[in-house]
């Protein structure tokens, strides 16, 4: 009986350890905007939706969402959201068309800043990026926690692009404030901007004056469809990712209605203060709004695994010891 107990104990410990290390990744959403953001979540085709596909995030709030291994999908922030007189929920930017807080399989209506992920992809690495291919609606920063690799680093778009957005691409609210910036593809629907038809290969579809507006302001983000070289990031063994909306202070300002929605504040994204915020947030650690966050989640996860394994071992040993002497 003692031998059987020990074998059973070994199996339980091994399975617990494997499940803890490989079963999921944790995404933490943080809202540093001075207004409410409603994150939306969409899994890739053929992949089950996560336990939530949309929620509200007040200024200063954070929320964790777990994803299984090999998950792939995208996140974005919705703004200017409200229920109408019939109870239908909709958003001024990033609306997913579900009519509810949860997106339930609906994607973001452009323009919207996107964070895209493929977990446990080629060679077991996570692939991720921040994309402005579908346009821009608010600043976003992605920070991997733990993980390794030459290209395992922070990425995002930290500045306000609603202010300098060309008039032909600008989306405005009822009071005329800029709330989003369309991509050239969305604004003009021409092959040269959409990288399709005769422009359907990277050799032919090149950056344009419009995509360069995005790229110069946000050099780590996708600015058009074939902007892969400087925009795709990979991590091996990352246990978690933090996705922060408005990571740099003062990238947008409160609306006159009390701060529930963003508006253009006329700030210059090319100013020294914006560049300093961009550089500090894009190194191996994250510094913003007086906070300093390092990539320490791997050690935290490891301690949780060891602690859990010890607790299980102790309980099983007591059970086996009892069975041995009964």
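Remarks
- Every pair of residues 6+ apart whose Cβ atoms lie under 6 Å, when the first sits in segment 139-155 and is within 12 Å of residue 238 (Cα to Cα) while the second is part of a loop (DSSP other than H, G, I, E, B) and at pLDDT 95 or above: 143/154; 144/152
- Exactly one residue out of 70, 98 is surrounded by fewer than 21 Cβ atoms within 10 Å (Cβ to Cβ), modelled with pLDDT under 95 and over 25 Å from residue 224 (Cβ atoms): that is 70.
Residue-by-condition table, conditions (1) buried (at least 23 other Cβ atoms within 10 Å of the Cβ); (2) under 23 Å from residue 26 (Cβ atoms); (3) touching a helix residue (DSSP H, G or I) at 6+ places or on another chain (Cβ under 6 Å):
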{"site": "140", "(1), (2), (3)": "yes, yes, no"}
{"site": "149", "(1), (2), (3)": "no, yes, no"}
{"site": "171", "(1), (2), (3)": "no, no, no"}
{"site": "192", "(1), (2), (3)": "no, no, yes"}
{"site": "203", "(1), (2), (3)": "no, no, no"}
{"site": "210", "(1), (2), (3)": "no, no, yes"}
{"site": "215", "(1), (2), (3)": "no, no, no"}
{"site": "223", "(1), (2), (3)": "yes, no, yes"}
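- Of the residues in segment 92-108, none is touching a helix residue (DSSP H, G or I) at 6+ places or on another chain (Cβ under 9 Å) and in contact (Cβ under 8 Å) with a residue 12 or more places away in the chain.
- Options 105, 92; residue that is surrounded by fewer than 23 Cβ atoms within 10 Å (Cβ to Cβ) and in a strand (DSSP E or B): 92
The values are calculated or read from the model by the stated rules, or taken from the named source; none is laboratory data. Computed from a predicted model, the values in this text were never measured in an experiment. Quick reminder, even Gly has a Cβ in these numbers, built from the backbone with ideal geometry, and neighbours come from all protein chains shown.
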